[in-house]
Amino acid sequence: RDIKPANIMMCSDGQIRITDFDIAKLIRSDDATMGSSVIMGTPLYMAPEQIEGGEVTARSDLYALGIVIYELLSGRPPFCEGNVEYHHIHTPPPPLPETAPAALAAIVYRSIEKKPGERFQTAGEMAQALRDFLAAS
């Protein structure tokens, strides 16, 4: 629940590893007042449903991965000024640079759809889209 560049590492054998699992999650305490909760994570990469305290699923992680790829292509996350949380929930991302391949941009935009049902539904589905892009390049 905390996919971001700082948590993605490349091993000496070239394998990519994700670190820092279970940092970003909705924490509810029995000692807290009714309805109180704390949302943990890195707002620059958090999915709308995570920000809103909704159900966080694998599609939330795919959203965060889409934000990371967006940043790789543009040099910055799509929402990094003002009320970042509001932008993740309500604002369309700024266009990627024209240098970004259109097919890759389509993958990124699909992965950062506001509604989870409009994103890739599984990591395998997103991985296949990326493999197809690479094969066509």
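The values are calculated or read from the model by the stated rules, or taken from the named source; none is laboratory data. The shown structure was predicted, so the numbers you read here are calculated from the model rather than taken from an experiment. Cβ: placed from backbone, ideal geometry, glycine included. Neighbour counts: every protein chain shown. Please note that ligands, DNA and RNA were not included when accessible areas were found on the heavy atoms of the full protein model with its side chains. Shrake-Rupley method; radii C 1.70, N 1.55, O 1.52, S 1.80 Å.
Regarding the range 61-70, can at least one residue be identified that is assigned to a helix (DSSP H, G or I) and over 17 Å from I8 (Cβ atoms)? Give the derivation first.
If we filter the range 61-70 for residues that are assigned to a helix (DSSP H, G or I), which is where we start, we get 61-70.
Now drop any that are not over 17 Å from I8 (Cβ atoms), which leaves none.
The answer is no; no qualifying residue exists.
Considering only the range 90-119, how many residues are part of a helix (DSSP H, G or I) and either at pLDDT below 95 or under 16 Å from the mean Cα position of the chain (by Cα) (or both)?
Just the residues of the range 90-119 that are part of a helix (DSSP H, G or I), to begin with: 90, 102-111, 116-118.
The next check asks that each one be either at pLDDT below 95 or under 16 Å from the mean Cα position of the chain (by Cα) (or both); those that pass are 90, 104-111, 116-118.
Going through the range 90-119 one residue at a time, the tally reaches 12.
For the list (1) without any contact (Cβ under 8 Å) to a residue 24 or more places away in the chain; (2) small (G, A, S); (3) loosely packed, with under 12 Cβ neighbours inside 10 Å, I need the number of the one condition that A136 fails.
Failing condition for A136: (1).
For R76, are the conditions met, namely being over 13 Å from the mean Cα position of the chain (by Cα) and among the basic types (K, R)? So that I can check it myself, show each step before the final result.
Values: over 13 Å from the mean Cα position of the chain (by Cα): yes; among the basic types (K, R): yes.
Here the answer is yes, as R76 does meet what is asked.
Can you say whether A58 is surrounded by 19 or more Cβ atoms within 10 Å (Cβ to Cβ), among the aliphatic types (A, V, I, L, M) and within 22 Å of N7 (Cβ to Cβ), as far as the supplied structure shows?
When the stated conditions are applied, A58 does not pass them.
Just the residues that are more than 14 Å from R110 (Cβ to Cβ), crowded, with 17+ Cβ neighbours inside 10 Å and of a type outside the set (A, V, I, L, M, F, W, C), please, taken from the range 61-76.
Matches in the range 61-76: D61, E71, S74.
Would you mind telling me which numbered condition in (1) open to solvent by 60 Å² or more (accessible area, probe 1.4 Å); (2) more than 20 Å from K4 (Cβ to Cβ); (3) in contact (Cβ under 8 Å) with a residue 12 or more places away in the chain E98 fails?
Result: E98 fails condition (3) only.
Show the residue pairs meeting these rules: Cβ distance below 8 Å; 6+ apart or different chains; first residue within the range 1-25 and open to solvent by less than 50 Å² (accessible area, probe 1.4 Å) and assigned to a helix (DSSP H, G or I); second residue among the acidic types (D, E) and modelled with pLDDT under 85.
From the range 1-25, the pairs are N7/D20.
How many of the residues making up the range 44-60 are of a type in the set (D, E, K, R) and either out of contact with any Pro (no Cβ under 7 Å at 6 or more places or on another chain) or not in a helix (DSSP H, G or I) (or both)? Before the answer, list the steps.
At the first step, the residues of the range 44-60 found to be of a type in the set (D, E, K, R) are 49, 52, 55, 59.
Within this subset, residues satisfying the condition of being either out of contact with any Pro (no Cβ under 7 Å at 6 or more places or on another chain) or not in a helix (DSSP H, G or I) (or both) are 52, 55.
Selection size over the range 44-60: 2.
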